[in-house]
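Contents: one structure, followed by commentary.
The values are calculated or read from the model by the stated rules, or taken from the named source; none is laboratory data. These numbers come from a predicted model, not from an experiment. Here the Cβ is made from the backbone with ideal geometry for all residues, glycine too, and neighbour counts use every protein chain on show.
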Amino acid sequence: MEIKTAVFAGSFVSQAQFPKDHLPEIALVGRSNVGKSSLINCLANRKALAKTSSRPGKTRTLNFYKVNNKFYFVDLPGYGFARVSKQQKEKWGKMIEDYLQKRNNLVGVIMIVDIRHLPSEDDILMYEWLKYYGIKTAVVATKADKISRGKQLKNFEEIKKALGFHRDDYGAIVSSTSRQGKNELLKIIEKLLET
Ligand code: GDP
């Protein structure tokens, strides 16, 4: 698959506002600063479709991007940012959870982690949660350009082990900077859309 068009469709906070055209949706989740916006831009061949390095702490929304007029990428608020109040965290958590739990159009989740680090407690909770709700997931380890190829494989195995990776899920090593793994991830997206 090639992404030919990607259009920002809106920032929303509740179900009532979400698009009503019943296209399948693929959500992207990950810790703040993990490289989620960069990955969306890389996949869509765009420089600033998703804003990168968005200032943490500002209003968090679910951002919808319509791709090839066929499906949506749904950019969920980054989690695990330390410098926000517990109340804020709970609000974001509820928004993410509501979406993942109730959205019928959701066909899969791309969970992004940093290839250099073991998953955080939040990452592990997120993955367990996705599995509990039976949501097909692609675990995508990004920023691969920052380490050697040999280390990439080794780290990814350790990340998967720490998460309790399910064999029937997808996994990919990518870099938005070098574009390593981009085609592999596009193939995974295609598979998620088929299911
Ligand atoms: P987000 O908060 O998850 O959306 O993260 P961003 O996409 O804004 O990325 C956070 C920082 O990591 C930025 O400074 C990016 O330039 C950098 N970054 C993102 N992806 C990559 C990557 O694949 N390789 C490298 N070297 N840096 C990256």
I'm told Gln152 meets every condition in (1) within 24 Å of Ser14 (Cβ to Cβ); (2) within 14 Å of the ligand (Cβ to nearest atom) except one. Can you identify the failing condition by its number?
(1)
Can you tell me how many residues in region 37-55 are near the ligand (Cβ under 8 Å from one of its atoms) and at pLDDT below 95?
6
In region 168-187, is there at least one residue being more than 16 Å from the ligand (Cβ to nearest atom) and either over 25 Å from Glu2 (Cβ atoms) or among the polar types (S, T, N, Q) (or both)?
yes
In region 89-111, is there at least one residue being within 14 Å of the ligand (Cβ to nearest atom), under 22 Å from Phe64 (Cβ atoms), within 11 Å of the chain's Cα centre (by Cα) and not in a loop (DSSP other than H, G, I, E, B)?
yes
Complete set of residues in region 128-154 that are more than 15 Å from Gln180 (Cβ to Cβ) and touching a strand residue (DSSP E or B) at 6+ places or on another chain (Cβ under 6 Å):
Leu130, Ile135, Lys136, Thr137, Ala138, Val139
If we keep only residues of region 113-130 that are among the charged types (D, E, K, R) and touching a residue at least 60 places away in the same chain (Cβ under 8 Å), then the residue surrounded by the most Cβ atoms within 10 Å (Cβ to Cβ) is Asp123
Region 131-174: number of residues that are surrounded by 15 or more Cβ atoms within 10 Å (Cβ to Cβ), touching a residue at least 40 places away in the same chain (Cβ under 8 Å) and assigned to a helix (DSSP H, G or I):
5
